[in-house]
1. What is the residue count in segment 47-71 for residues that are crowded, with 20+ Cβ neighbours inside 10 Å and either more than 27 Å from residue 37 (Cα to Cα) or over 17 Å from the mean Cα position of the chain (by Cα) (or both)?
2. Taking the condition of being touching a Gly at 6+ places or on another chain (Cβ under 7 Å) and assigned to a helix (DSSP H, G or I), how many residues in segment 1-51 meet it?
3. Check whether at least one residue in segment 52-64 is under 15 Å from residue 228 (Cβ atoms), of a type in the set (A, V, I, L, M, F, W, C) and either assigned to a helix (DSSP H, G or I) or touching a helix residue (DSSP H, G or I) at 6+ places or on another chain (Cβ under 7 Å) (or both), and report yes or no.
4. Taking residue 238 and the conditions (1) part of a loop (DSSP other than H, G, I, E, B); (2) without any contact (Cβ under 8 Å) to a residue 24 or more places away in the chain, which numbered condition does it fall short on, given that it satisfies the others?
5. Just wondering, is there one or more residues in segment 5-26 that are closer than 25 Å to residue 164 by Cα and not charged (D, E, K, R)?
6. Can you give me the number of residues within segment 130-155 that are closer than 19 Å to residue 42 by Cα and over 14 Å from the mean Cα position of the chain (by Cα)?
7. Of the residues that sit in segment 1-46 and are among the hydrophobic types (A, V, I, L, M, F, W, C) and surrounded by fewer than 13 Cβ atoms within 10 Å (Cβ to Cβ), which one is modelled with the lowest pLDDT?
8. Within segment 173-195, identify whether any single residue is farther than 30 Å from residue 98 by Cα and within 20 Å of the chain's Cα centre (by Cα), and answer yes or no.
Amino acid sequence: MELRWDRLGWQDIDSLIKRGYDSVILPVGTIEAHGVIPLGTDNFIPETMAERIAEQTKSLIAPTVNYGITRTLMTYPGSLTVSPPTFQAYITEILMSMVSVGMKKLIVLNGHGGQFDELKAAAFDVFEKTSAKVAVIHWWVLCQDLVEKHYGTSGGHAAVDETAAIIACAPETVQKDKYDPEMLYYVRPGTNVYPNPSTVLIFKENTGELNFDEKTANSYFDDVCETVKGFIQETFKRWDQ
């Protein structure tokens with residue numbers, strides 16, 4: 001069943017809303033350097049996740065917001081950014097517009113760690129002004145225990161977890177031949193470094209080593225999608241009560 005907002009006609013949207021499709025998933029990311037996986041990693045992952053779980057959560061899939069707030073990796077070729085106020089205002093207005101056409105439950109599925117505060121503020125602003133129900137999901141945080149389950153280690157930026165998700169989403173974009181374990185950079189607590197000296201970042205020492213096994217990656221990403229879907233279903237159930 002087609003649920004991608006931009007692939008539907010206006011009559012289709014009208015029909016779906018009348019059939020009870022009053023929730024929407026908005027994938028959000030950025031364009032940023034990611035080790036040996038593509039600049040659009042933070043967009044591909046939530047977008048693919050939305051496509052896998054939309055029908056089971058009875059949700060439409062909004063077009064992905066591809067441009068976000070890139071900071072510490074801006075010096076790496078190809079990375080792009082928008083300012084925090086612009087990003088927050090843009091997300092807020094997109095969500096407000098969705099509410100205006102009949103969406104009552106809004107899921108912001110975030111793929112990028114650099115915009116937590118702005119998404120939180122936008123979600124609350126929309127809830128406060130419209131009473132629409134809004135949830136922001138940072139998938140890799142919600143699912144951090146699954147990295148240990150499948151790989152026996154912790155994840156990070158462009159580390160084992162994001163790389164596994166891209167192997168499952170877009171395997172043709174993974175450049176395994178460019179990987180060197182020396183790329184892993186431990187971001188030490190109590191430090192801020194501009195720019196970060198690598199594009200593969202770990203937040204616990206001696207973790208995050210990349211694993212390119214496709215079977216494990218697919219199993220991990222299936223588990224991630226199930227976890228996100230379960231959270232959305234449980235949230236919707238409680239909202240509806």
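1. The qualifying residues number 3.
2. Within segment 1-51, residues that are touching a Gly at 6+ places or on another chain (Cβ under 7 Å) and assigned to a helix (DSSP H, G or I) number 5.
3. There is at least one residue in segment 52-64 that is under 15 Å from residue 228 (Cβ atoms), of a type in the set (A, V, I, L, M, F, W, C) and either assigned to a helix (DSSP H, G or I) or touching a helix residue (DSSP H, G or I) at 6+ places or on another chain (Cβ under 7 Å) (or both).
4. Going through the list (1) part of a loop (DSSP other than H, G, I, E, B); (2) without any contact (Cβ under 8 Å) to a residue 24 or more places away in the chain, residue 238 breaks only (1).
5. Among the residues of segment 5-26, at least one is closer than 25 Å to residue 164 by Cα and not charged (D, E, K, R), which makes the answer yes.
6. 4
7. Among residues in segment 1-46 that are among the hydrophobic types (A, V, I, L, M, F, W, C) and surrounded by fewer than 13 Cβ atoms within 10 Å (Cβ to Cβ), the one modelled with the lowest pLDDT is 1.
8. Yes, some residue in segment 173-195 is farther than 30 Å from residue 98 by Cα and within 20 Å of the chain's Cα centre (by Cα).
The values are calculated or read from the model by the stated rules, or taken from the named source; none is laboratory data. On a predicted model such as this, the values are computed, not experimentally measured, just so you know. With ideal geometry, Cβ positions are generated from the backbone for all residues, glycine too; neighbour counts draw on all protein chains shown.
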